[in-house]
Amino acid sequence: MKRVGLLGCGSIGTQIALAIDSGKINASLTHVYDESKDASITLVEKLTTKPTIVENPHLLSSNPLDIIVEAASQDAVKDVGLSVLQNKKDLMIMSVGALLDESVYDILSDACKDFKKTIYLPSGAIAGLDGIKSVKSELESLAITTTKHPRSLKGAKFFETSEIDLDSISSKTMIFEGTAQEAVSLFPANINVAALLSLTGLGSNKTKVKIVADPNTDKNTHHIEASGSFGKMTFTIENFPDPNNPKTSMLAILSAIETLRKYCSDEIQIGT
Ligand SMILES: NC(=O)c1ccc[n+]([C@@H]2O[C@H](COP(=O)([O-])OP(=O)(O)OC[C@H]3O[C@@H](n4cnc5c(N)ncnc54)[C@H](O)[C@@H]3O)[C@@H](O)[C@H]2O)c1
């Protein structure tokens, strides 16, 4: 049975831990860490089989684990990612936006080769990455339009310099159009989806991003269009938010659980 360590005990981390505890994932959760001790304690209290709470993130990878699951923050990936691989553990990353920093990407990518370990990036809140991966060399254009309720966009850095007033939007309005690299700094909350798409396909400077505010929606919708010499693909994903954390889509959590379940099982693997 695979041994798992968890870095980050919030919405996603908790659901992953519960999936292991209930037997949905055939693994043993042995160690957890969160910079908030309260978050670690709250999580452990919910579990029948109690993992050890470690005092710092590096103590996760010094234990005999197979994989460490990051569900914390971009900073956590930057601080701990390399040492996880150096300690010969696989790594699953949810805070994918960290990898749009080219130096972080290169360091972790080289470490995978040097230490013969793998980084897993679940598809998160989108779908269709299997197809885009297959046609990568034939891809000519790649675009994503994300539509959210204005309240889900509040607080983004974009509004520090824009004259758009989210409270006055009364119908569907496009508020941003640019590259994934630009979107990353202006809309950090959308960063994971744009980052995943660009890492899969054309890179962050050639992946186009539109962000639309719609006061009449209760979903986070992502519409992806990919085209090239292979033909064309379009995907529309209409996500309901997780009831415990409206910033995170239910699909992102389910996709993380499925990626870890697959890692921990010996079975026929479906999909590219
Ligand atoms: N890939 C995707 O599609 C996708 C989707 C949703 C969320 N995410 C990302 O996954 C991560 C977790 O999401 P969540 O909804 O569980 O968030 P959350 O806020 O519910 O939980 C995050 C937890 O991590 C802890 N944490 C933060 N920084 C830390 C650090 N440096 N070291 C240790 N612990 C730290 C926090 O204390 C918190 O308990 C976030 O970075 C989020 O952006 C990715």
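Quick check, is VAL96 within 16 Å of the ligand (Cβ to nearest atom), farther than 30 Å from PRO215 by Cβ and not acidic (Asp, Glu)?
Criteria not met by VAL96.
For the subset of segment 119-176 comprising residues that are more than 20 Å from ILE224 (Cβ to Cβ) and part of a strand (DSSP E or B), which member is nearest to the ligand (Cβ to nearest atom)?
By that ranking, first place goes to TYR120.
Confirm whether LEU186 is open to solvent by 10 Å² or more (accessible area, probe 1.4 Å) and in the same structural domain as GLU138 (by TED's automatic domain parsing).
It is true that LEU186 is open to solvent by 10 Å² or more (accessible area, probe 1.4 Å) and in the same structural domain as GLU138 (by TED's automatic domain parsing).
So which strands (runs of 3 or more DSSP E) stay within segment 190-263 end to end and still have 3 or more residues that are farther than 28 Å from ASP167 by Cα?
220-228, 231-239
Name the residues in segment 1-40 that are among the small types (Gly, Ala, Ser), within 9 Å of the ligand (Cβ to nearest atom) and more than 17 Å from the chain's Cα centre (by Cα), would you?
SER36, ALA39, SER40
Could you tell me how many of the residues in segment 225-243 are surrounded by 15 or more Cβ atoms within 10 Å (Cβ to Cβ) and within 17 Å of the chain's Cα centre (by Cα)?
So the answer is 4.
Looking at segment 78-111, which of its residues are within 13 Å of LEU60 (Cβ to Cβ) and in contact with a Gly (Cβ under 9 Å, 6 or more places away or on another chain)?
VAL84, LYS89, LEU91
Pairs, please: C-beta under 6 Å, at least 6 apart or cross-chain, first residue in a helix (DSSP H, G or I) and in segment 81-102, second within 11 Å of the ligand (Cβ to nearest atom) and of a type in the set (A, V, I, L, M, F, W, C)?
VAL96/LEU121; VAL96/ALA195; VAL96/LEU196; GLY97/ILE191; GLY97/ALA195; ALA98/VAL77; LEU100/ALA195
Given the options ILE211, ILE257, ILE270, name the one that is β-branched (Val, Ile, Thr), outside the structural domain of SER109 (by TED's automatic domain parsing) and surrounded by 15 or more Cβ atoms within 10 Å (Cβ to Cβ).
ILE211
Report whether or not ASN216 is outside the structural domain of LEU6 (by TED's automatic domain parsing), over 20 Å from LEU100 (Cα atoms) and open to solvent by less than 60 Å² (accessible area, probe 1.4 Å).
Criteria not met by ASN216.
Among the listed residues LYS50, LYS78, identify the single one that is within 15 Å of the ligand (Cβ to nearest atom), of a type in the set (Lys, Arg) and assigned by TED's automatic domain parsing to the domain that holds GLY10.
LYS78
Take LEU59 and tell me if it is out of contact with any helix residue (DSSP H, G or I) (no Cβ under 7 Å at 6 or more places or on another chain), more than 8 Å from the ligand (Cβ to nearest atom) and assigned to a helix (DSSP H, G or I).
yes
Within segment 6-33, which residues are under 11 Å from VAL54 (Cα atoms) and either open to solvent by 30 Å² or more (accessible area, probe 1.4 Å) or not assigned by TED's automatic domain parsing to the domain that holds ASP90 (or both)?
Within segment 6-33, TYR33 is the sole residue that qualifies.
The values are calculated or read from the model by the stated rules, or taken from the named source; none is laboratory data. All values reported here derive from a predicted model rather than from experimental measurement. Don't worry about glycine lacking a Cβ; one is built from the backbone with ideal geometry, like all the others, and counts go over all protein chains shown. Ligands, DNA and RNA are excluded from the accessible area calculation, which covers all protein heavy atoms including side chains. Shrake-Rupley method; radii C 1.70, N 1.55, O 1.52, S 1.80 Å.
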